[in-house]
1. Looking at the calculated P(r) for the range 8-77, what percent of the C-alpha pair distances fall above 19 Å?
2. Over the chain, with the other protein chains present, what is the accessible area per residue in square angstrom, probe 1.4 angstrom?
3. Give me the percent of accessible area attributable to carbon and sulfur for the range 98-174, probe 1.4 angstrom.
4. Only helical DSSP H runs with n ≥ 4 go in: add -39500 (n - 2.57) per run for the chain, normalise by residue count and round the 222 nm mean residue ellipticity to 500 deg cm²/dmol.
5. Taking amide H positions as placed in the peptide plane 1.01 Å from N, state which residues far from VAL190 in sequence (5 or more) or on other chains have amide H under 5 Å from it.
6. Collect residues whose amide H, placed 1.01 Å from N in the peptide plane, falls under 5 Å from the amide H of LEU88; neighbours closer than 5 in sequence don't count.
7. Give the aspartates and glutamates reachable from LYS20 as a straight Cα distance under 16 Å; neighbours fewer than 8 places away on the same chain don't count.
Amino acid sequence: MKRVKVSNNVIRRLPRYLRKLDELSENGVSRISSFELGQQLGLTPSQIRQDFSCFGEFGQQGYGYNVPVLRSQIATILGMDRGYHAILIGVGNIGHALMDNFCFSDWGFQLAAAFDINPTLIGTTFGGVPIFSMDELVDYIRNNPVDVAVLTVPKEVAVSVTNTLTENGIEAIWNFTNVELTEPNSSTIVENVHFSDSLLSLSYFVSERHDERAAKAAKAEKQS
Ligand code: ATP
């Protein structure tokens, strides 16, 4: 696929478009204008047209977007059809929860194996995924396709496990450890998942609303 440089903001919006298009398909909607799509997503129609124009012309003047076609084009842009293989390191609470509840295959990934140091987990399978010893990690990476490592180990070992992964050719890490793994000169692609970032953004908006209400109430009291 020919790649043009696209801004991070556009890339971050693509999964939202995909989710909305899936919802529209489930509701039997097969065609949508940039105006309607914008209204449903809280974006302007020109923003939507601009986002999609980064990847070529998807819509048709006066017709709008064909929902399944647009969905499949966005899925292709996101790499969902490439059959990426993932491994998971650290089958604790978060690792277990991901293996149990997160359907990797819905997003084009196959979770092929997990690794841990806990002898009670090693040799077992969870949700059909085998759990191996960390001693087997390097061999596994050398002999199997691995595109992404899901990192759910404790903080204290996040960097050392990451080093083992990158030294053995793993290029991408989905990082749940709460340790900032993004290093300026590293070629590893890291997606940090900090649940607290999302919660704190929410906290900011709740505080803002409380302060606005308090200011309004104080003003009203002054006037009365
Ligand atoms: P969490 O909720 O963060 O998953 P937890 O309390 O279930 O936490 P942690 O102590 O964070 O457990 O460890 C997560 C998993 O990582 C455990 O299953 C643990 O055995 C495993 N683990 C610990 N150290 C390593 C390591 N060096 N390599 C691989 N797995 C590890």
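1. Across the range 8-77, Cα pairs with separations above 19 Å total 20 percent.
2. Working: 14190 Å² over 224 residues.
Accessible surface, normalised per residue, equals 63 Å².
3. Numbers: 2160 of 4210 Å².
Result for the range 98-174: 51 percent of the exposed heavy-atom area is carbon or sulfur.
4. Values: 8 runs with 103 residues, N = 224.
It comes out at -14500 deg cm²/dmol, rounded to the nearest 500.
5. ILE173
6. Sorted by chain and number, the residues that satisfy this are ALA113, ALA114, PHE115, VAL150.
7. Reachable aspartates and glutamates: GLU36, ASP51, ASP106.
The values are calculated or read from the model by the stated rules, or taken from the named source; none is laboratory data. Everything numeric here is computed off the predicted structure, so don't read it as measured data. Surface accessibility is based on the protein's heavy atoms, side chains included, excluding ligands, DNA and RNA. Shrake-Rupley method; radii C 1.70, N 1.55, O 1.52, S 1.80 Å.
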